[in-house]
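Just below is one structure, and these are the notes that go with it.
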Amino acid sequence: MAFWWPLIVLAFAYGICRFLLMLIPPNVPSIDVDASDVLAHGKETEENSFIYIPPRGRSQQSDKKVQCYEPATMKYLGYFPALSTSEVKERVALSRKAQKTWAQSSFKVRRQFLRILLKYIIEHQELICEVSSRDTGKTMVDASLGEIMTTCEKITWLLSEGERWLKPEHRSSGRAMLHKVSRVEFHPLGVIGAIVPWNYPFHNIFNPMLAAVFSGNGIVIKVSEHASWSGCFYFRIIQAALAAVGAPENLVDVITGFAETGEALVSSVDKMIFVGSTAVGKMIMRNAAETLTPVTLELGGKDAFIICEDADVSHVAQVAVRGTLQSSGQNCAGAERFYVHKDIYTAFITQVTKIVKSVSAGPPLTGRYDMGAICLQEHSETLQSLVNDALDKGAEIAVRGSFGHLGEDAVDQYFPPTVLINVNHTMKIMKEEAFGPIMPIMQFSTDEEVIKLANDSRYALGCAVFSGSQRRAKQIASQIQCGVAAINDFASNYMCQSLPFGGVKDSGFGRFAGIEGLRACCLVKSVVEDRFWPLIKTKIPKPIQYPVAENAFEFQEALVETLYGLNIWDRLRSLIDVLKFLTDQSSHVSRTRKSH
């Protein structure tokens, strides 16, 4: 026992020291980001103080401008240039030059960059959420949940584990190479390209940027034409943090534009990350094939939300409505098909109806509404057409939410939360990605039936399964074809930033986030070297040296059985044969030399 006491005391002292070090706040400098223009409520100049009416029937690309406006009020925010192919290539070239310097930076510097960002985000949550709210129509609460928390979680995970997963990783060398050391090294790829959507303008920029920069890359991000105003402000935060650690200018860039801008980016970078629709994802992949640029595609979703009869109905109803209305009805790819066991079907609809009746849509910055405006112009028309198709085929509207005071100029930017019952898979609402606050509910009888229904979709991003038996929920989820599964919860996966995120089938392939996403930004290099060099060096056995001996194949047969035979006695017998071959060959070589 006396032997263990010193070890216990040392371990306890080490723990106390670690705890005391945690109490010492890190020295993280503050950064100053000019936000005077984005907070200019009531101080707008004449040129950007009017209500914007987007043109119908023609593309904005011809204007060479990305026009920006608030979806909730249609108030004009300004414009940004739609960059040409040559301009995009120039931006990528500048990032590539900066990346060569940044690739030599230490993880200590990279962690300081993350801490500076984290400090700014925590201290300016309201500003970041307000900018997101103005540009996309989401509420402040939804902006906090989807923009702030997920980004802070990713930064915290990178600070804690990022370096560990980018360090060389040793692997076994196998039986034939016991005298070798094997490892995997992770080197920066160069310049990552990212095309991101509008639904989470802050997190969608920071998510790929954090992984790319921490792994030593540069990155050029094309933001959505529907969220360019916020994206360009968020870029200022990144620039200020990079400058604070002495990073080279142009390491990170945010560009604006339309299809031409995105196509130019795909053909210029070393790796492409795309988050968006399946149709555009296929175009990205075709363009990337021309230059053999690797791609990660996170595409459409039509996630199944499964509720078994032994689930807590009142709790799940709250989660289900939140999953549908999340981000002001903009991110419903997370929960778009609801399957409820027949035994609780009526009870669940009753609970959902009660909740939805209390939900109202309105201008998000007033703080009185559960959801705001739909970001995309004319998208409410698309949503209504999906509802009409379902009604024509026998569905019924169980309940619809209400509108607050919207204002005459913005009514068509809102869509009431809508619950549909008696739906089936012949209806478009159960097959096509809606991306809106619609909750179609279908009943099922058995676990086998609901698994079949959940897999009856060309989308396969995620699923959520609720049951009073966690084992049952896990069994159901394990049989659903998707990349992300939540057991007795919804969307919790994205708050676990150690986990990869992505789907299969028409929901794309490849993963971002987590260890897999971090390493996906790297050139993964396999390295093998002599274990005891220069004492032991690899030499080709005499029988197979050129010119090969007559018994070379017999030697190889014996060597294979020595290394991989299933029976230890057969392997030992073969080893003796191998040694004989080597001895005989050496004797043969000696005799040959003497005869000459």
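Remark: the Ser314-Leu575 segment gains 87.0 nm on full extension, using 0.36 nm per residue and subtracting the alpha carbon distance. Applying the Kirkwood pairwise sum to the alpha-carbon positions of the chain produces a hydrodynamic radius of 27.5 angstrom. By the rule of a C-alpha distance below 13 Å, with chain neighbours fewer than 8 residues away ignored, the aspartates and glutamates paired with Lys180 are Glu529, Asp530. Computed extension length for Asp456-Glu249: 69.6 nm, one decimal, from 0.36 nm per residue of separation with the Cα-Cα distance subtracted.
For region 307-402, rounded, prolate or oblate, judged on the Cα gyration tensor with a ≥ b ≥ c (square roots of eigenvalues), a/c < 1.5 rounded, else prolate if a/b > b/c? It comes out oblate by the Cα gyration axes. Net charge dipole, the chain: roughly 2700 debye, given to the nearest 20, about the Cα centre with Cβ charges of +1 for Lys and Arg and -1 for Asp and Glu.
Each Lys or Arg adds one and each Asp or Glu takes one away; over the other residues whose Cβ falls under 9 Å from the Cβ of Leu158, this sums to +1.
Using a probe radius of 1.4 angstrom, the carbon and sulfur fraction of the accessible surface of the chain is 57%.
Just to confirm my numbers, what's the Cα centroid distance between region 266-291 and region 102-167 in Å? Computed from Cα coordinates, the inter-centre distance equals 26 Å.
Surface listing: Leu297, Leu365 arranged by accessible area from highest to lowest gives Leu365, Leu297, probe 1.4 Å. Only Lys, Arg, Asp and Glu carry charge here, each on its Cβ (+1 for the first two, -1 for the last two); on that basis region 141-213 has a dipole of about 600 debye about its Cα centre.
For Ser106 and Thr538, a Förster radius of 60 Å and the Cβ-Cβ distance give a FRET efficiency of 0.95, rounded to the nearest 0.05. Restricting region 155-185 to trypsin sites (Lys or Arg not before Pro) that sit in a DSSP loop and have at most 12 other Cβ atoms within 10 Å of their own Cβ leaves Arg175. Restricting to DSSP H runs of at least four residues, report the calculated mean residue ellipticity at 222 nm for the chain, -39500 (n - 2.57) per run over all residues, nearest 500 deg cm²/dmol. Result for the chain: -13000 deg cm²/dmol, rounded to the nearest 500.
With R₀ set to 30 Å, the beta-carbon distance separating Glu449 from Asp392 gives a calculated FRET efficiency near 0.75.
Each residue, Asn551 and Asn27, gets one label point 7 Å from its Cα in the Cβ direction; the gap between the two is 7.2 nm. Could you tell me which of the pairs Lys100/Lys167; Lys222/Lys525; Lys167/Lys525 are separated by over 23 angstrom between their Cα atoms in the structure shown? Over 23 Å Cα-Cα: Lys222/Lys525. The simple spin-label model puts a point 7 Å past each Cα toward its Cβ; for Phe403 and Glu432 those points are separated by 2.3 nm. Show the residues, 5+ positions off or on another chain, whose built amide H is closer than 5 Å to the amide H of Phe338. Placed amide hydrogens put Phe305, Met442 under 5 Å from Phe338. With a Cα cut-off of under 25 Å and a minimum spacing of 8 residues unless on different chains, the lysine pairs in region 247-382 number 7. The slack between Ala11 and Thr156, meaning 0.36 nm per residue of separation minus the straight C-alpha distance, is 49.6 nm.
Applied to region 338-352, the Karplus parametrisation 6.51 cos²θ - 1.76 cosθ + 1.60 on θ = phi - 60° returns per-residue 3J(HN,Hα) values of 10, 10, 10, 4, 4, 5, 10, 4, 5, 5, 5, 5, 4, 5, 5 Hz, with x for Gly and Pro. Residues whose amide H lies under 5 Å from that of Met439, counting only those 5 or more places away or on a different chain, are Thr418, Val419, Leu420; hydrogens are built 1.01 Å from N in the peptide plane. Annotation: the antiparallel percentage among DSSP beta bridges lying fully within the chain is about 40. The Glu529 and Arg164 beta-carbon pair, evaluated with R₀ = 25 Å, returns a calculated FRET efficiency of approximately 0.65.
Simple spin-label estimate for Lys282 and Arg471 gives 4.4 nm between the two label positions (7 Å along the Cα-to-Cβ direction from each Cα). Using only Cα atoms, tell me the angle between helix 228-244 and the longest principal axis of the chain; keep it within 0 to 90° and round to the nearest 10. The two axes meet at around 50 degrees.
The values are calculated or read from the model by the stated rules, or taken from the named source; none is laboratory data. On a predicted model such as this, the values are computed, not experimentally measured, just so you know. Using ideal geometry, Cβ is built from the backbone for each residue, glycine included, and neighbour counts are taken over all protein chains shown. Only protein heavy atoms, including side chains, enter the accessible area calculation; ligands, DNA and RNA are left aside. Shrake-Rupley method; radii C 1.70, N 1.55, O 1.52, S 1.80 Å.
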